[in-house]
1. Sorted by packing (mean other beta-carbon atoms within 10 Å per residue), highest first, where do 29-37, 17-25, 275-283, 54-62 land?
2. Calculate what fraction, in whole %, of the accessible area of the chain sits on carbon and sulfur atoms when a 1.4 Å probe is rolled over the protein chains.
3. For region 45-104, what Kirkwood radius comes out of the mean inverse Cα-Cα distance, in Å?
4. With a cut-off of 8 Å between alpha carbons and a minimum separation of six or more residues, what is the relative contact order of the chain in percent?
5. So what is the relative contact order of region 110-164, in percent, for Cα pairs below 8 Å that sit 6 or more residues apart?
6. Give a residue-ordered list of calculated ³J(HN,Hα) values for region 206-211 (Karplus: 6.51 cos²θ - 1.76 cosθ + 1.60, θ = phi - 60°; whole Hz; x for Gly, Pro).
7. Let's test the formula: R0 of 30 Å, r as the Cβ-Cβ distance of GLN47 and GLU27. What FRET efficiency results, to the nearest 0.05?
8. In the chain, if every C-alpha pair distance is counted and binned at 10 Å from zero, what percent goes to each bin?
Amino acid sequence: MNPKRNTRIYIAGHRGMVGSAIWRKLEAEGYTNLIGKTSAELDLRNQAAVQDFFKAEKPELVIDAAARVGGILANNTYPYQFLMENLQIQNNLIDTAFHSGVEKFIFLGSSCIYPKLAPQPLKEEYLLTAPLEPTNEWYAIAKIAGVKACEAIRKQYGKDYISLMPTNLYGPHDNFDLKTSHVLPSMIRKFHEAKQYAVGSKQSTVTLWGSGTPMREFLYVEDLAEAVVFAMENKFSDNLYNVGTGEDLTIKDLALLIQKIVGHTGEIIWDSTKPDGTPRKLMDVSKMEKAGWKAKTSLEDGIRKTYEWFLENQDSVKQVKMG
């Protein structure tokens, strides 16, 4: 389908970091018929509730940006929630959209779907070729199931259901809860608080997990929103596309960059008793670039924008409650 400015577009997870960025981008592009429900208004884990919502709202295009997300600690601590809740959310959305006649569905996953020791950079065809990273396999297995569900609908029924796999995301409305956040927002908060709690001229030390040697790629969430709108407005020839910058850096270099941007001058201590996770996770983004889209925000600019947002919203930054 070719969406019009008045196409009824449902963005699942529209209050989250990703969903809110997509919502802002669609509004900026002139789309006027956006649909969003908070988790209090619609429990996506409840199949009957999702079916009733589709009957009432009749969305024509669906973007699935809803998920239970978190870092290594959260994935390790709550494996059942990360597996089951994500399966429930995406299965309800994909199946109900299909049975409601929705022609275009964009499913958002994660680079963690690829094997732990897959060749770098990660190509789409590496999916299901080797074991996953054990610390987040629960989330990854759920997301793989979503990718395969969309692929099956595409293959069997010819509907335009596609999956976009973003690399590590960051930006406004990120989760800065130190127990459940990902590495970049966690570092922003740690360096900021250490800077705030200086004793005299000496700023507090910051302790970070692992050795600092793993390499990671980071994508500014506003860039992902642009990629989603691009995918929405164009017909892709395949079902699975990586979305990233195609560039990575060590966690240590990331820490030094964030430390500089925040203005923290204390010591960094690396706790090597804590897990590193996957040694490297760089996306091959050539397939998306060939389709016509490329990221444009530099890591330094993106972190500066994110830190500015954090400073303006630190009294109300998102914290995740588990259990």
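The values are calculated or read from the model by the stated rules, or taken from the named source; none is laboratory data. Keep in mind that this is a model prediction, so the values were computed, not measured. Heads up, the Cβs are rebuilt from the backbone with ideal geometry, glycines too, and the neighbour counts pull from every protein chain shown. Accessible surface areas use protein heavy atoms only, side chains included; no ligands, DNA or RNA. Shrake-Rupley method; radii C 1.70, N 1.55, O 1.52, S 1.80 Å.
1. Working: 29-37: 15.3, 17-25: 22.4, 275-283: 19.2, 54-62: 17.0.
Taking the mean over residues of other Cβ atoms within 10 Å, the ranking is 17-25, 275-283, 54-62, 29-37.
2. Numbers: 7150 of 14470 Å².
Percent of accessible area from carbon and sulfur atoms in the chain: 49.
3. Details: mean 1/r = 0.0799 Å⁻¹.
12.5 Å is the Kirkwood radius here.
4. Numbers: 615 pairs, mean separation 64.5, N = 323.
Contact order relative to length: 20 percent.
5. Working: 48 pairs, mean separation 16.1, N = 55.
Normalised by residue count, the contact order of region 110-164 is 29 percent.
6. Whole-Hz 3J(HN,Hα) from phi for region 206-211: 10, 9, 10, 6, x, 9.
7. Details: r = 30 Å, r/R0 = 1.00.
That gives a FRET efficiency of 0.50.
8. The calculated distribution, bin by bin, is 6, 26, 36, 22, 8, 2, 0.
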